[in-house]
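Heads up, the thing below is written out as structure tokens.
The values are calculated or read from the model by the stated rules, or taken from the named source; none is laboratory data. Source: prediction; values computed, not measured. No Cβ is skipped: glycine too gets one built from the backbone with ideal geometry, and neighbour counts run over all protein chains shown.
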Amino acid sequence: MAKVLCVLYDDPVGGYPTTYARDEVPAINSYPGGQSAPTPSTIDFTPGELLGSVSGGLGLRDFLESGGHTFVVTSDKDGADSEFDRELVDADIVISQPFWPAYLTAERIAKAKNLKMAVTAGIGSDHVDLQAAIERGITVTEVTFSNSISVAEHVVMMILALVRNYIPSYGWVVRGGWNIADCAERSYDLEGMKVGTVAAGRIGSAVLRRLKPFDVELHYTDRHRLSAEVEEDLGLTFHETTAEMVPLLDVVTINAPLYPETEGLFDEALLSTMKRGAYIVNTARGKICDRDAIARALESGQLAGYAGDVWFPQPPPADHPWRSMPHHGMTPHISGTSLSAQARYAAGTREILECFFEGRPIRDEYLIVDGGRLAGTGAHSYGEGNATGGSEEAARFKA
Ligand code: NDP
């Protein structure tokens, strides 16, 4: 029997919900391109419930405990005295969501003698030291595609929010104002702008598709080029490198995984090649951008706006500059944890656990590391190495 250690974000400050804004979420059975949505044997939750917080337990408690497994759920994840650290020593499986990541550093992996699998309930396993997982033979899995469309919707929302100056304009109304000139002085139309994505995987491609009807000029870069049919259908211009693409763009959206090659990609030097007044929307990972260079670019006017939901570390300390820099549209890491998305990645997590316990193969698309090397989606989209450096700073949020 296994000990499953699950790190989830806290319940709402008002308590775990007893009612919801809507009575149902649409059932999504397959994703663009044909991949089927998760197929666990059954689920013990109602789609649309809050599953990603501690009391929600990803809807796994009955399944795991009735199977004789131990299921420990905590939000206390940072610092050497955290419950996560204490429980990790004899855990067989760790489950964590990128929104509230349990950083599985090499030091923690070394302490977790029984650890066999780290499951990302969602997408993006950069909170695990993949190099250490490779060396220890730990399997790393994620629920590929489960929230890719959720994020794509968020990207489009944030691009429009920045370009049209929505957030400050909303603020004027809330404060009792009617300051049209204050709202309009930074408000533009997206129509006709050049928009490009760094990576055209599941999210990047979905963003491109959603932006096509806005009559913008679409650009992309990726390690693998899309088919000629897709390029023609969407009117895409391909660029070999990010450096070649971004100087041309008015809006950049970042949709690549975080690993050593993409860490710090948007640094002072790259930002300085962009058009003055460009916008960046980054819902991929905070560390792909240099924290201080982004803040400086907003202060100088080199960037007109920056939005996203991903930070480093998570949670960011109260003095993280992205909380206070000008012209930002940052939220906590929420784009992939809508109630709609939660139903899918909770079901996918269960599917992965069922396969693991029954000795059945885990879907190739869910694999990041397996058998001591990058595997499945990990082999296609990630690189080896470690991107967790500096994650101990997350403990400052508690302090
Ligand atoms: P995919 O694996 O479908 O796409 C990732 C794409 O990035 C692939 O096409 C890959 O290329 C490409 N890529 C990798 N390295 C580079 C590089 N150096 N330059 C350009 N392109 C590169 O994943 P998703 O689209 O579903 O998700 C992407 C990322 O978004 C996740 O890794 C995660 O970090 C983040 N995410 C954020 C969420 C949120 O809530 N904010 C939720 C979900 C994901 P190829 O495979 O062709 O080699």
Quiz prompt | Checklist (1) within 25 Å of TYR9 (Cα to Cα); (2) among the aromatic types (Phe, Trp, Tyr); (3) modelled with pLDDT under 95 applied to TRP322, failing item | solution = (3)
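Looking at segment 20-65 only, could you name the residues that are aromatic (Phe, Trp, Tyr) and under 17 Å from GLY348 (Cβ atoms)? Show your work before the answer.
Let us first name the residues in segment 20-65 that are aromatic (Phe, Trp, Tyr), namely 20, 31, 45, 63.
Matches in segment 20-65: TYR31, PHE45, PHE63.
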Quiz prompt | Looking only at segment 383-399, and only at residues there that are touching a helix residue (DSSP H, G or I) at 6+ places or on another chain (Cβ under 7 Å) and at negative phi, the one that is nearest to the ligand (Cβ to nearest atom) | solution = ALA387
Quiz prompt | Residue among ILE134, ILE149, ILE167, ILE159 that alone is touching a Lys or Arg at 6+ places or on another chain (Cβ under 7 Å), part of a helix (DSSP H, G or I) and in contact (Cβ under 8 Å) with a residue 24 or more places away in the chain | solution = ILE134
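Can you tell which of ALA341, ALA293, ALA297 is touching a strand residue (DSSP E or B) at 6+ places or on another chain (Cβ under 6 Å) and either within 16 Å of the ligand (Cβ to nearest atom) or not in a loop (DSSP other than H, G, I, E, B) (or both)? Give the derivation first.
On the way: ALA341 fails: touching a strand residue (DSSP E or B) at 6+ places or on another chain (Cβ under 6 Å); ALA293 fails: touching a strand residue (DSSP E or B) at 6+ places or on another chain (Cβ under 6 Å).
Only one candidate qualifies: ALA297.
Pick from LEU190, LEU162: which is under 28 Å from TYR31 (Cβ atoms), away from the ligand (no atom under 13 Å from the Cβ) and surrounded by 22 or more Cβ atoms within 10 Å (Cβ to Cβ)? I'd like the intermediate steps shown before the answer.
Details: LEU190 fails: surrounded by 22 or more Cβ atoms within 10 Å (Cβ to Cβ).
That would be LEU162, the only listed residue that is under 28 Å from TYR31 (Cβ atoms), away from the ligand (no atom under 13 Å from the Cβ) and surrounded by 22 or more Cβ atoms within 10 Å (Cβ to Cβ).
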Self-check item: Number of the exception - VAL207 against (1) among the aliphatic types (A, V, I, L, M); (2) part of a loop (DSSP other than H, G, I, E, B); (3) in contact with a strand residue (DSSP E or B) (Cβ under 7 Å, 6 or more places away or on another chain)
Solution: (2)
Quiz item: Can you tell which of ASP62, ASP76 is free of Cβ contacts under 8 Å to residues at least 40 places away in the same chain, over 20 Å from PHE145 (Cβ atoms) and surrounded by fewer than 16 Cβ atoms within 10 Å (Cβ to Cβ)?
Solution: ASP62
Quiz item: In segment 345-399, what residues are surrounded by 24 or more Cβ atoms within 10 Å (Cβ to Cβ) and either of a type outside the set (Gly, Ala, Ser) or part of a loop (DSSP other than H, G, I, E, B) (or both)?
Solution: TYR345, THR349, ARG350, ILE352, LEU353, TYR366, ILE368, VAL369, TYR382, ALA387, THR388
Practice problem: Could you check, for segment 68-88, whether at least one of its residues is within 16 Å of the ligand (Cβ to nearest atom), within 19 Å of CYS355 (Cβ to Cβ) and not in a loop (DSSP other than H, G, I, E, B)? | Solution: no
Practice problem: Scan segment 212-231 for residues that are within 15 Å of the ligand (Cβ to nearest atom) and either assigned to a helix (DSSP H, G or I) or under 25 Å from the mean Cα position of the chain (by Cα) (or both) and jot them down. | Solution: HIS219, TYR220, THR221, ASP222, ARG223, HIS224, ARG225, LEU226, VAL230, GLU231
Quiz item: Within segment 138-149, can one find any residue that is more than 24 Å from GLU392 (Cβ to Cβ), of a type in the set (Phe, Trp, Tyr), crowded, with 21+ Cβ neighbours inside 10 Å and out of contact with any Gly (no Cβ under 7 Å at 6 or more places or on another chain)?
Solution: yes
Practice problem: Scan segment 242-279 for residues that are more than 16 Å from the ligand (Cβ to nearest atom), among the acidic types (Asp, Glu) and in a loop (DSSP other than H, G, I, E, B) and report the count. | Solution: 1
Practice problem: Could you please let me know if THR283 is under 21 Å from HIS327 (Cα atoms), hydroxyl-bearing (Ser, Thr, Tyr) and near the ligand (Cβ under 10 Å from one of its atoms)? | Solution: yes
Quiz item: Are any of the residues in segment 121-130 surrounded by 24 or more Cβ atoms within 10 Å (Cβ to Cβ), within 13 Å of the ligand (Cβ to nearest atom), of a type in the set (A, V, I, L, M, F, W, C) and over 29 Å from PRO26 (Cα atoms)?
Solution: yes
Quiz item: Residues GLY33, GLY79: which one is more than 27 Å from ASP129 (Cα to Cα), modelled with pLDDT under 95 and within 23 Å of the chain's Cα centre (by Cα)?
Solution: GLY33
